[in-house]
1. Suppose R0 equals 45 Å; then what is the FRET efficiency for V164 and E231 from their Cβ-Cβ distance, rounded to the nearest 0.05?
2. What's the Cα-based Rg to Rh of segment 209-301, Rh via Kirkwood?
3. With only Lys, Arg, Asp and Glu charged, each at its Cβ (+1 for the first two, -1 for the last two), find how big the charge dipole of segment 209-301 is about the Cα centre; round to the nearest 20 debye.
4. Under the Kirkwood approximation applied to all pairs of distinct alpha-carbon atoms, what is the hydrodynamic radius of segment 104-230 in Å?
5. Suppose the chain between T98 and R278 were pulled fully straight at 0.36 nm per residue; how much longer would it get relative to their current alpha carbon spacing?
6. Go through 213-226, 186-199 and give me the packing order, highest mean Cβ count within 10 Å leading.
7. Restricting the count to DSSP beta bridges whose residues both fall in segment 209-301, what percent are antiparallel, rounded to a multiple of 5?
8. Name the residues whose placed amide hydrogens come within less than 5 Å of the amide hydrogen of E94, ignoring near sequence neighbours (fewer than 5 apart) on the same chain.
Amino acid sequence: MLADTQKRANYDRFGHAGVSGVGAGGFDPTIFQDFGDLGDILSNLFGMGDMFGGMGGRRRSWSQRGGDLRHDLTLEFEEAVFGVEKEVAVRRHESCETCDGSGIAPGHGPATCRTCGGHGQVRYQQGFFSIARTCSACQGRGTVITDPCKVCRGEGRQVRERTVEVKVPAGVEDGTRIRYATQGEAGVHGGPAGDLYIVLHVKQHPMFEREGRDLHCAVPISFSQAALGAELEIPTLEGLEKLKLPEGTQSGTVFKIRNRGVPVLNGRGKGDLFVEVRVHTPSKLTRRQRELLQEFSATNAVENKPERGTIMSKVKEIFG
């Protein structure tokens, strides 16, 4: 049986399993000859080479990326519109200055792991399978720290509070996130630092409401101003603006003041300010005011007849 060259090769490689059952529905080792060992096959197909030793004893990377951090920053309405620079205090892990992030006491170095002999993996033989598992003693690094840094206790990092300059661009909205790369947690054992995310929260304004890059406000006017017309001074975020009301202005009329809205974020131009005028009805009148209104009412009769579809058309305009 062993005189056959192919069977002898199978026997040398696979033992009795390599020369038994071939051609009779049993195990045929020749199917693996062009594919390397089983670890290579499983590594290529399923990424399981680590388990079966087909990765050549590759070690795990000791370094790890630091975590990302979040800091919530509250802004006044005007700060969000025009932009602002702020200083924020951030507590984060930073690389230990004593050991330069290695976690090893100065003057010492890492020691070879005795469990795996520096390979980062421990191999087990089960039949013709060679199974490799990550070394639990060194977590796959191949080395261990026998003399940890006394300052960071071998972690390679320390917690410190740092001041970060935050530049808020004009036109940001509530919930905007600003990313500062590598300003998060320091990496472990020389790994890259994480990122810092500044999450903005914008306070409401007592007068203006924002919709994208446009602003909206409501201004009360008197009946006489609405009927006779008037020139109003409207407060904006950039000072007073004159607004001319024509005669017979109806309550609820909206006027647009161009370029008095919010700057376009990272772009050019501004939005507009929309002013809705609302006729104010006084709740208390003097005797003379009452007499004048009664005289006016006698000359200005209005037929209080419902108008078909008025309410529905307004609803459609709003919710369209």
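Derivation of every value follows stated rules applied to the coordinates shown; laboratory data play no part. Everything numeric here is computed off the predicted structure, so don't read it as measured data. Using ideal geometry, Cβ is built from the backbone for each residue, glycine included, and neighbour counts are taken over all protein chains shown.
1. After rounding, the FRET efficiency stands at 0.40.
2. Details: Rg = 17.1 Å, Rh = 15.1 Å.
Rounded to two decimals, Rg over Rh is 1.13.
3. Values: 14 positive and 12 negative charges, 22 e Å.
Computed about the Cα centre, the dipole is about 100 debye.
4. Details: mean 1/r = 0.0467 Å⁻¹.
Result for segment 104-230 stands at 21.4 Å.
5. Working: separation 180, 0.36 × 180 = 64.80 nm, distance 6.87 nm.
Here the answer is 57.9 nm.
6. Numbers: 213-226: 16.3, 186-199: 19.0.
The peptides rank, most packed first, as 186-199, 213-226.
7. Working: 15 of 22 bridges.
If I count the DSSP bridges inside segment 209-301, around 70 percent turn out antiparallel.
8. For E94, whose amide H was placed from the backbone, the distant partners under 5 Å are Q158, V159, R160, A186.
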